[in-house]
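The numbers here are math on the coordinates, done by the rules we state, and not lab data. What you see is a predicted model; the values in this text were computed from it and never measured. Counting neighbours? That spans all protein chains shown, and the Cβs are built from the backbone with ideal geometry, glycine included.
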Amino acid sequence: MTDPTHASPAGWYGHPRQLARLFATEMWERLGFYGMRALLVLYLTKHFVLGDHAAAGIYGGYMALVYLTPLLGGLVADQYLGSKRSVRFGAVLMALGYFTMAFGGAPARPWIAIDGRQMEIVRSGFHDGPTSATGEGRAVVIDGRTLALRPAGDGGTALVDAGGTVVRSLPAGTGQGASHDQRRLVLLLGALALVSVGNGFFKPNISTMVGALYAAGDRRRDAGFTIFYMGINLGSILGQFACPLLADSIGWGAAFSLSGIGMIVAWGLVTFDGGRLAGYGETPARPGGDRKWLIGLLAIAAVPVFVLLFVELMQAPEPVPGAGIGAYLAGLPLMGKLLFGCFAIGVPAILAWSFVKGSAQEFRMMLAAMILISFNTVFWALFEQAGSSLTLFADRNTDRSVFGLFTLSAPQTQNFNSLAIVLLAPVVSMAWGWLARRGREPSTPVKFGLALIGVGAGFLLLVLGTRFADGQYRVALGWLAGLYLIHSLAELLISPVGLSMITKLAIPRVVGLMMGMWFLSMSMGEYVAGMVAQVASVKTVGGQVSDPALSLATYAAVFAQIGWTAIAVGGVLLLLARPLRRLMHGVS
């Protein structure tokens, strides 16, 4: 079985039949995950009226935990539960989380402060879904008069009567908020915590089971993972199309319930496998048992801890300009301090260990890996705006009509990334093979540098598109699609390449630890991406952008900063490519 010429019998497109079941399991899980992710920021800003700053903070923290929890979930599975049981447990937790999100209750009631009183904002024509209804309005009723809320030239808010006369102007910075059902909001944060914990058990271990299908030396392994990866993208495409459609046509609860159903199907495929998965991902034999009850209790106990982290992120104040880096770091929420602290301690500690325990060559290779891991953090911090600021931009400042035939909803535009990955992945793979045969394949540092430059180019393309906005300050959909196309190519230059780089540069006895550092860097990047999205926060009145011209200008300015920063960082890495290659000792 370890001889590649005597591989296990094929049954599904030349691969073990079990791959089809794991392919379907991952597809349904990703349908739920990406379907909910596509809606999350819009749900927070439209249904709960939390505001851009709070919504981006919660989103960034959630995505950071999604990449952080698999580190512990993989370890627990290896030592105690086994991959199969971990996948089932994770699926149940995620399903509970999605179904809990379906109980969002009535939409929040926004208010604005006038003369020391909280005046309720009336949302005429309001549609409680991801796509705003045409002709929505915001108004307040004062002394029996309905006064529309309009943007004032100084950044404030004008109160306008039915005849178009400005009755009064409210200065910039006038207090606003929303009255929530606090129990529903806590339920929402608890649901996100359940999904985060469940993902930690599910995500790393379904991949481990795929790897276990192939014996050592079986040449079908890479192709098998490629097929499995297509399941991820298929689920992503279906979820990001169907969930927004349900949210608009039926309601948020229907969309999140579909995510929950996806997880139930995934759980059923692994639980009722008819013995097809017997022997794969089984619970390891350990003295004293598998401790499943203790692990389950600890997992549940993590939920309220995560809720408290989300609350802190939601309530975190905006940084004070000119306060200095020290004050900025001191003011970070606890999650930020933990992520930055782990990274700041982990990198030098691992390098110090490598210097003492490894050879000079191994230390240099580990140093190169750590430098590239650090650049990976920058990449994800700038790249990962799809579910936050770019989705809000699509909702507020994009004409989403497709050749006049139909109109996409804002969350459905995230599918441009998934579709581009499916189309470009085989092309990029063939391109690397073609260049390698001619001895011209770029080195890993060059690929990383080009990926960062690609992120910048995508944002700058969209900034260029803002110059051609229509009279309603909306950009044509093609500009946003172009950004996602370039970003997808950039993702293919760094994401799969980075995983391969870790396995080649790390000292063999710490490959697992280095892989953990890779995912920690992605987690930190996701957290910082939420902070970047907070910079792009736009003023809203009752959940609706009051000034589309100011909204367009704000996004253009922030995206331009992201673009030029990414290009500058990518350029620095290209300059470092040659010395990094020397540190890598021939590893490409």
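Numerical summary
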| item | result |
| --- | --- |
| Length-normalised contact order of the stretch 376-583 in % [C-alpha pairs under 8 Å, at least 6 apart] | 38 percent |
| Protection-proxy order for peptides 532-538, 146-152, 37-43, each taking the mean of Cβ atoms within 10 Å per residue, highest first | 37-43, 532-538, 146-152 |
| Chymotrypsin sites (Phe, Trp or Tyr not before Pro) restricted to DSSP loop in the stretch 239-293 with at most 10 other C-beta within 10 Å | Phe272 |
| Karplus 3J(HN,Hα) series, Hz, for the stretch 203-208 with 6.51 cos²θ - 1.76 cosθ + 1.60 (x for Gly, Pro) | 4, x, 8, 5, 5, 4 |
| In order through the stretch 11-24: 3J(HN,Hα) via Karplus (6.51 cos²θ - 1.76 cosθ + 1.60), integer Hz, x for Gly, Pro | x, 9, 6, x, 10, x, 4, 4, 4, 4, 5, 5, 4, 5 |
| 5 angstrom amide H check on Gly177, placed H, neighbours 5+ away | Trp111 |
| Listed residue (Ile237, Ile264, Gly279) projecting farthest to the positive dipole end of the stretch 122-279, Cβ model | Gly279 |
| Over 21 Å between alpha carbons, listed pairs Lys337/Lys357; Lys84/Lys292; Lys46/Lys539 | Lys337/Lys357 |
| The chain, relative contact order [Cα under 8 Å, separation at least 6], % | 23 percent |
| Bins of 10 Å from zero: percent of alpha-carbon pairs in the chain | 3, 16, 27, 27, 17, 7, 3, 1, 0 |
| Nearby aspartates and glutamates by direct alpha-carbon distance to Lys447 (threshold 20 angstrom, same-chain neighbours under 8 apart not counted) | Glu384, Glu491 |
| When the stretch 109-179 is reduced to its Cα atoms, the Kirkwood hydrodynamic radius in Å | 12.8 Å |
| Distant-in-sequence amide H partners of Ile114 (H built 1.01 Å from N, under 5 Å) | Met119 |
| Inter-probe distance in nm under a simple model that places probes 7 Å from Cα toward Cβ, at Leu435 and Val186 | 5.4 nm |
| Karplus 3J(HN,Hα) series, Hz, for the stretch 180-195 with 6.51 cos²θ - 1.76 cosθ + 1.60 (x for Gly, Pro) | 9, 7, 4, 5, 5, 5, 5, 4, 4, 5, x, 5, 4, 5, 4, 5 |
| Under DSSP loop assignment and at most 16 Cβ neighbours within 10 Å, longest GluC sites (Glu not before Pro)-free interval of the chain | 283-588 |
| Helical contribution to [θ] at 222 nm, DSSP H n ≥ 4, -39,500 (n - 2.57), averaged over the chain, rounded to 500 | -22500 deg cm²/dmol |
| Pairwise Cα inverse-distance average, inverted: Kirkwood Rh of the stretch 129-260 (Å) | 20.3 Å |
| Residues with amide H under 5 Å from that of Ala158, placed H, sequence gap 5 or more | Arg150, Ala152, Leu170 |
| Size of electric dipole in the stretch 109-179: Cβ of Lys, Arg +1 and of Asp, Glu -1, about Cα centre, debye, nearest 20 | 20 debye |
| Estimated dipole of the chain in Debye, rounded to 20 [Cβ of Lys and Arg +1, of Asp and Glu -1, Cα centre] | 1360 debye |
| Cα-based equivalent ellipsoid of the stretch 376-583: semi-axis lengths in Å, sorted from largest, via gyration tensor | 34, 19, 15 |
